[in-house]
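Trainee: The structure that follows is given in the form of C-alpha cells.
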Amino acid sequence: MTAVAPARVVVLRRRIRWVVAATVIYTTAEAVVALAAGASASSAALVGFGPDSVVEVLSAAAVVWQFASPDPEARERTALRVIAASFLGLAAYVMVDAALSLTGLPEPEHSSVGIALAALSLLVMPVLSRFERRTGRELGSASAVADSEQTLVRTYLSAALLVGLLLNGLLGWV
C-alpha cells in the first residue's frame, strides 16, 4: 500500500470524524425511538433494538475518541479493543433477545413507528458503513474499518427487525 499524502490524511481524518459523529447522533436517536416505540407497543424486539443501538454508539465512540487525538494511530489498538468488546456485546444482545422472544412475553401490538424506524435504519446504516469503510481503508485505519463492519451488522439487525414487525403487523406473528 502506498503512503497517503499528508494533506489527504487530514481530509480523511476529518471524514472519519464526520461519519462517526453522524453514526453516534443517528444511533442515539434510534435507541430513544426504539425504546419508546417498543414500550408503547409492548414489543420485545423494538425494546431490544434500543440497547443494541447503545452498543453501536459505544463502538463509534471509540473511533471518535481515537480521532480526537492529534496522533490517532497511537490510540488505534485501544479503539480496536473497545470495538471488539462491542461486537461481543452485540452477540450477547442477539442471544438474550432470542431467548426473551421464546419466553412468550405479552403479544406485541402493531408499531408503525417501529416499522418506519427499521426501514429508515435499513437505508441509513449501509450508507454510513460504506462511507466509513472506504475512508478507513484509504487511511489505513483498522478501527474505522472494524467500526464500519459493526454498522453493517446493524443493517442486518434492522432488516430482521423490519421483517419481524411487518409480519407481526400483517399476520399477527410474534
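Trainee: Could you run through the stretch 1-33 and say how many residues are in a helix (DSSP H, G or I) and either of a type in the set (S, T, N, Q) or touching a Ser or Thr at 6+ places or on another chain (Cβ under 6 Å) (or both)?
Mentor: Applying the first criterion (in a helix (DSSP H, G or I)) to the stretch 1-33 yields 6-33.
Retained after the next criterion (residues that are either of a type in the set (S, T, N, Q) or touching a Ser or Thr at 6+ places or on another chain (Cβ under 6 Å) (or both)): 12, 15-16, 23, 27-28, 30-31.
Within the stretch 1-33, residues that are in a helix (DSSP H, G or I) and either of a type in the set (S, T, N, Q) or touching a Ser or Thr at 6+ places or on another chain (Cβ under 6 Å) (or both) number 8.
Trainee: Out of ARG77, ARG17, ARG8, I need the residue that is farther than 21 Å from LEU128 by Cα, surrounded by fewer than 18 Cβ atoms within 10 Å (Cβ to Cβ), modelled with pLDDT of 95 or more and not hydrophobic (A, V, I, L, M, F, W, C). Which one?
Mentor: Numbers: ARG17 fails: farther than 21 Å from LEU128 by Cα; ARG8 fails: farther than 21 Å from LEU128 by Cα.
Sole residue among the options that is farther than 21 Å from LEU128 by Cα, surrounded by fewer than 18 Cβ atoms within 10 Å (Cβ to Cβ), modelled with pLDDT of 95 or more and not hydrophobic (A, V, I, L, M, F, W, C): ARG77.
Trainee: For the stretch 130-150: of the residues being assigned to a helix (DSSP H, G or I) and small (Gly, Ala, Ser), which is surrounded by the most Cβ atoms within 10 Å (Cβ to Cβ)?
Mentor: Quick first cut of the stretch 130-150, residues assigned to a helix (DSSP H, G or I) only: 130-139, 142-150.
With small (Gly, Ala, Ser) added as a condition, the list becomes 136, 142-144, 146, 148.
On the way: GLY136: 24, ALA142: 15, SER143: 27, ALA144: 29, ALA146: 24, SER148: 27.
Here the answer is ALA144.
Trainee: Among the listed residues VAL163, VAL127, VAL153, VAL82, identify the single one that is loosely packed, with under 15 Cβ neighbours inside 10 Å and under 17 Å from VAL24 (Cβ atoms).
Mentor: Being loosely packed, with under 15 Cβ neighbours inside 10 Å and under 17 Å from VAL24 (Cβ atoms) holds for just one of VAL163, VAL127, VAL153, VAL82, which is VAL127.
Trainee: Among the residues of the stretch 126-163, how many are touching a Lys or Arg at 6+ places or on another chain (Cβ under 6 Å) and touching a residue at least 60 places away in the same chain (Cβ under 8 Å)? Break it down into steps so the answer makes sense when it comes.
Mentor: Residues of the stretch 126-163 that are touching a Lys or Arg at 6+ places or on another chain (Cβ under 6 Å), as a first pass: 135, 145, 148.
Applying the additional criterion that residues be touching a residue at least 60 places away in the same chain (Cβ under 8 Å) yields 135.
Total satisfying the criteria: 1.
Trainee: Looking at this structure, is ALA119 without any contact (Cβ under 8 Å) to a residue 40 or more places away in the chain and either more than 16 Å from VAL163 (Cα to Cα) or assigned to a helix (DSSP H, G or I) (or both)?
Mentor: Values: without any contact (Cβ under 8 Å) to a residue 40 or more places away in the chain: no; either more than 16 Å from VAL163 (Cα to Cα) or assigned to a helix (DSSP H, G or I) (or both): yes.
No.
Trainee: Go through (1) surrounded by fewer than 18 Cβ atoms within 10 Å (Cβ to Cβ); (2) touching a residue at least 12 places away in the same chain (Cβ under 8 Å); (3) more than 19 Å from ALA116 (Cβ to Cβ); (4) of a type in the set (A, V, I, L, M) for VAL63 and report which single condition fails.
Mentor: Only one criterion is unmet by VAL63, namely (1).
Trainee: Something else now. Please work out if GLU138 is more than 17 Å from the chain's Cα centre (by Cα) and not small (Gly, Ala, Ser).
Mentor: Numbers: more than 17 Å from the chain's Cα centre (by Cα): yes; not small (Gly, Ala, Ser): yes.
Yes; evaluated as a whole, the condition is true for this residue.
Trainee: Restricting attention to the stretch 64-78, which residues are in contact with a helix residue (DSSP H, G or I) (Cβ under 7 Å, 6 or more places away or on another chain) and not aromatic (Phe, Trp, Tyr)?
Mentor: Across the stretch 64-78, the qualifying residues are VAL64, GLN66, SER69, PRO72, ARG75, GLU76.
The values are calculated or read from the model by the stated rules, or taken from the named source; none is laboratory data. Computed from a predicted model, the values in this text were never measured in an experiment. With ideal geometry, Cβ positions are generated from the backbone for all residues, glycine too; neighbour counts draw on all protein chains shown.
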